[in-house]
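K.L.:
Attaching a single structure in structure tokens format; questions to follow.
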Amino acid sequence: MIYLDHAATTPMRPGVWEAMAPLAAERFGNPSGVHEVSRRAKDALEEARERVAARLGVAPSEIVFTSGGTESDNLAIKGAALAGGSRRGVVTVATEHEAVLATVDFLERLGHPVTRVPVDGDGLVDRDALLGSIDDDTAVVSVMAVNNETGVVQDVAVLARAVAAERPGVLFHTDAIQAHSPRDLLTDHVHLMSLSAHKFGGPKGSGVLVVRDGVRLEPVIHGGGQEAGRRSGTTDVAAAVGFATALDLAAEDHSRLATTVGGIRDDFEKIVADAVPGLVVNGGDAPRSPQHSNFRIPGVRNESLLIRLDRAGVAASAGSACQSGAPSVSHVLTAMGLSRDEVRESVRFSFGWTTTQDEAAEAASVLIEAVEALR
């Protein structure tokens, strides 16, 4: 199988499982306990926290371990909107991940003011439109750094700085789960950032929310008050160690991922575009992640194409893995102005740390043959 669905999940990097395994055996204790077995687990947890903090350039106290990106998004947005017993509002973007959009839908049902700012045909949000949606009731603005379906990159640093200048009391959150260099996003004006380990070679079920010092959040999971009272529940120490290890490895591999993998993606798109008349890259005129390729093939339904590719040994997708099997079409592409038929002609190929030039070339050949057969 040629795996080109890294935006859904990526294989675990060598060394991650080996780092996690002792936490299930020799250091299995509950890190909230007081005896030696617990202290050994606590030491491993805090060491992982320090490693993550160092990689991201923040203080260990600003790292909150979660069960993944979805929980991190929920805690950031609900926590900000409900902080101090308030019912304040959220401003976000129409192309955000379902974890953000479903969260703001929930808050809206509770009576919180919510604004979903539209995007242009390339999936970019307008700075002035975003600023114009903020008012005195706004608690948090949430803008995704890299779109999970198209790879379109929002200029989070510019947007966060603009929000801070116009509305200094408003928090800024970014879902950076698809970003390949999250440390670069943590400027002084980004208060909250969500990450998920399995997007960069770590274990599933392991996430982080960066909460900058001084930011008040209402916890959304109540109980024992773990993670400095921000996220109750016995912390999965093995998952935290896996997160830290994968983040270290991904940081060391960052340059290769940005250049080599980006070049593989570009070559793949060129081969296919040269052979498939009418192909349109969705978001192709916007800055994009080097790992994503989302394009429309007129006259070819994505369901039929993906089945044919799968049978030929190529794994791709029609968009977010969190929406797989859903009857609705992609809200991301719809927000960018594509019709329902155009959305159903769109497919996503996403590249990662295991992808090779030969694999991509073979996948392009298989794709071209499949398109010709379906047309």
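K.L.:
Can you sort His97, His189 so the residue with the fewest Cβ neighbours within 10 Å comes first?
P.N.:
In increasing order of surrounding Cβ atoms, one gets His189, His97.
K.L.:
What is the extension gain from Arg127 to Glu26, computed as 0.36 nm multiplied by their sequence separation minus the C-alpha to C-alpha distance, in nm to one decimal?
P.N.:
Full extension of this stretch gives 31.2 nm more.
K.L.:
Within the chain, how many lysine pairs that are 8 or more places apart, or on different chains, have C-alpha atoms less than 26 Å apart?
P.N.:
Step by step, the pairs that qualify in the chain add up to 5.
K.L.:
Which FRET efficiency, nearest 0.05, do Val37 and Thr356 yield, Cβ-Cβ r, R0 56 Å? Intermediate results must be reported in sequence, preceding the final value.
P.N.:
Numbers: r = 44 Å, r/R0 = 0.79.
Step by step, r from the Cβ atoms, then E = 0.80.
K.L.:
To continue, here is another question. Relative contact order of the range 240-297, please, whole-number percent, based on alpha carbon pairs below 8 angstrom and at least 6 residues apart. List each step's numbers first, then the result.
P.N.:
Working: 31 pairs, mean separation 20.8, N = 58.
With pairs under 8 Å counted, the relative contact order is 36 percent.
K.L.:
For His292, what residues show an amide H to amide H distance below 5 Å, using hydrogens built from the backbone and excluding near sequence neighbours?
P.N.:
Under 5 Å from the amide H of His292 lie the amide H atoms of Phe351, each far enough along the sequence or on another chain.
K.L.:
³J(HN,Hα) across the range 363-368 via Karplus (A = 6.51, B = -1.76, C = 1.60, θ = phi - 60°), whole Hz, x for Gly/Pro?
P.N.:
Taking θ as phi minus 60°, the curve returns 4, 4, 5, 4, 4, 4 Hz for the range 363-368.
K.L.:
Grab the beta carbon distance between Ala373 and Val280, set R0 = 22 Å, and tell me the FRET efficiency rounded to 0.05.
P.N.:
0.60
K.L.:
Which residue, Val125, Phe106, Ala145, has the largest displacement toward the positive end of the dipole of the range 99-149 when charges sit on each Cβ (Lys, Arg +1; Asp, Glu -1)?
P.N.:
Phe106
K.L.:
Let me ask something else. Under a point-charge model restricted to the Cβ atoms of Lys and Arg (+1) and Asp and Glu (-1), what is the dipole moment magnitude of the range 252-375 relative to its Cα centre, in debye to the nearest 20?
P.N.:
The dipole magnitude comes to about 420 debye.
Just so you know, all these numbers are worked out from the coordinates, no wet-lab data involved. On a predicted model such as this, the values are computed, not experimentally measured, just so you know. Cβ sites come from the backbone with ideal geometry, for glycine too, and all protein chains shown count toward neighbours.
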